[in-house]
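Everything on this sheet refers to the single structure shown next.
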Amino acid sequence: MNMKKMMTPVLTAAGMLAAVNAYADIELAEGLTATGFVDMSIYAVEDDTDTDPSMGLDQWEIDLMYDFGTGTTARIDLNDLGDGMEVEQAYIEVDLGSGFATKAGLFLSALGYEGPEPVDLWQYSYSATIIGYPGYSNGAALMYGADAFSLYLSVLDGSYDADGDAESLSVEAQVKLFPVEGLTLQAGYASQEFDGVEALDDVPATESYDQGIINFWAEYTTGALTVAAEYNVLMEIGGADGDGDGYLVMANYAFTDKFALTIRTSGVSLDSGYEDTAFTISPSYAINDNLFVLVEARTDDYDDDTLDGESYAAEMIFSF
């Protein structure tokens with residue numbers, strides 16, 4: 001697995017990303033539609049680990065949506081990361097009226113600026129602060145949307161793993177503000193309790209800990225330019241000594257309706273000693289409504305000098 005895995009173009013920076021992730025639904029039957037993508041890449045890293053370059057199919061995904069026509073919709077996402085097909089998401093969403101909606105099932109956390117899929121990213125790799133992001137969980141969420149703001153609250157089996165355990169539930173909360181055209185401000189919180197492990201032979205015991213994140217990000221789009229910044233307060237990531245913080249600063253500029261350039265810097269620092277500061281530059285090109293290509297060059301500066309190095313990637317995403 002490489003570092004990354006741990007759409008009609010318009011004349012705006014946001015539209016360049018839309019060339020990948022705003023692909024049109026394919027109608028399979030009345031009320032039933034499908035979208036999906038195929039992600040392929042070449043990836044190489046230059047550091048002291050002697051990692052061989054990789055090339056091949058990274059992921060494919062098919063998302064099925066059904067509209068019952070009564071304000072109720074159902075969705076299931078099927079994907080394959082190379083280990084066989086799995087259900088990534090499966091949930092039902094109901095429009096309650098007056099701006100309220102609810103959903104229940106297996107779904108992705110609402111927190112974090114960068115999305116989990118290749119079609120959600122401006123570049124090939126994830127930022128350094130991605131280590132604090134929650135993931136997919138089982139549960140239920142209540143949402144409210146208005147012109148100037150939106151609210152989100154969910155109760156889950158675990159923000160960081162869909163373990164199916166309802167004994168200790170997680171809560172996520174998010175608020176988004178839209179104060180002026182093109183500007184989005186977001187603040188969110190998530191936490192999950194992890195049990196400690198008893199000592200076994202030469203393996204020492206570990207204490208229980210509450211892994212969590214307080215997530216802030218802002219995005220502003222004006223014409224062909226999109227800029228974004230994110231700051232995360234990280235709590236006990238991976239263990240009791242995992243407090244710290246992380247950040248992201250990104251700019252994307254669409255020179256034409258097909259060609260764009262993304263520049264990003266990001267970092268993370270934990271009390272455990274883990275640190276990483278990364279810089280990324282990534283030009284991209286939308287060949288047509290379905291085919292999107294990009295290249296990326298990245299440098300990483302870790303607390304462990306043997307991992308410092310550069311990585312290079314070329315990616316092609318076919319979406320439908």
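Can you confirm whether Asp161 is at pLDDT below 95, in contact with a Phe, Trp or Tyr (Cβ under 9 Å, 6 or more places away or on another chain) and under 26 Å from Glu93 (Cβ atoms)? Steps first, please.
On the way: at pLDDT below 95: yes; in contact with a Phe, Trp or Tyr (Cβ under 9 Å, 6 or more places away or on another chain): yes; under 26 Å from Glu93 (Cβ atoms): yes.
Here the answer is yes, as Asp161 does meet what is asked.
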Out of everything in segment 172-200 that is hydrophobic (A, V, I, L, M, F, W, C), modelled with pLDDT of 90 or more and over 16 Å from Tyr136 (Cβ atoms), what residue ends up being surrounded by the fewest Cβ atoms within 10 Å (Cβ to Cβ)? Val180
Near pairs, Cβ below 6 angstrom, 6+ apart or cross-chain, from segment 268-285 (over 20 Å from Asp243 (Cα atoms)) to any residue that is of a type in the set (Phe, Trp, Tyr): Tyr285/Phe259
Check segment 225-236 and report whether any residue there is among the polar types (S, T, N, Q) and within 30 Å of Leu142 (Cβ to Cβ). yes
Only listed residue being farther than 19 Å from Thr221 by Cα, loosely packed, with under 15 Cβ neighbours inside 10 Å and at pLDDT 95 or above, chosen from Ala166, Ala146: Ala146
Hey, among the residues in segment 125-143 that are in contact with a Leu (Cβ under 6 Å, 6 or more places away or on another chain) and within 27 Å of Asp241 (Cβ to Cβ), which one's surrounded by the fewest Cβ atoms within 10 Å (Cβ to Cβ)? Tyr136
Would you be able to tell me the number of residues in segment 119-149 that are of a type in the set (D, E, K, R) and touching a helix residue (DSSP H, G or I) at 6+ places or on another chain (Cβ under 8 Å)? 1
From the option list Leu151, Leu142, Leu183, single residue qualifying as within 22 Å of Ala251 (Cα to Cα) and aliphatic (A, V, I, L, M) is Leu183
Please enumerate the residues belonging to segment 228-245 that are in contact with a Phe, Trp or Tyr (Cβ under 7 Å, 6 or more places away or on another chain), assigned to a loop (DSSP other than H, G, I, E, B) and among the charged types (D, E, K, R). Glu236
Run down Thr51, Thr72 and say which single residue is among the β-branched types (Val, Ile, Thr) and farther than 30 Å from Gly309 by Cβ. Thr72
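The values are calculated or read from the model by the stated rules, or taken from the named source; none is laboratory data. As the structure is a computational prediction, the values presented were derived from the model and not from experiment. Cβ sites come from the backbone with ideal geometry, for glycine too, and all protein chains shown count toward neighbours.
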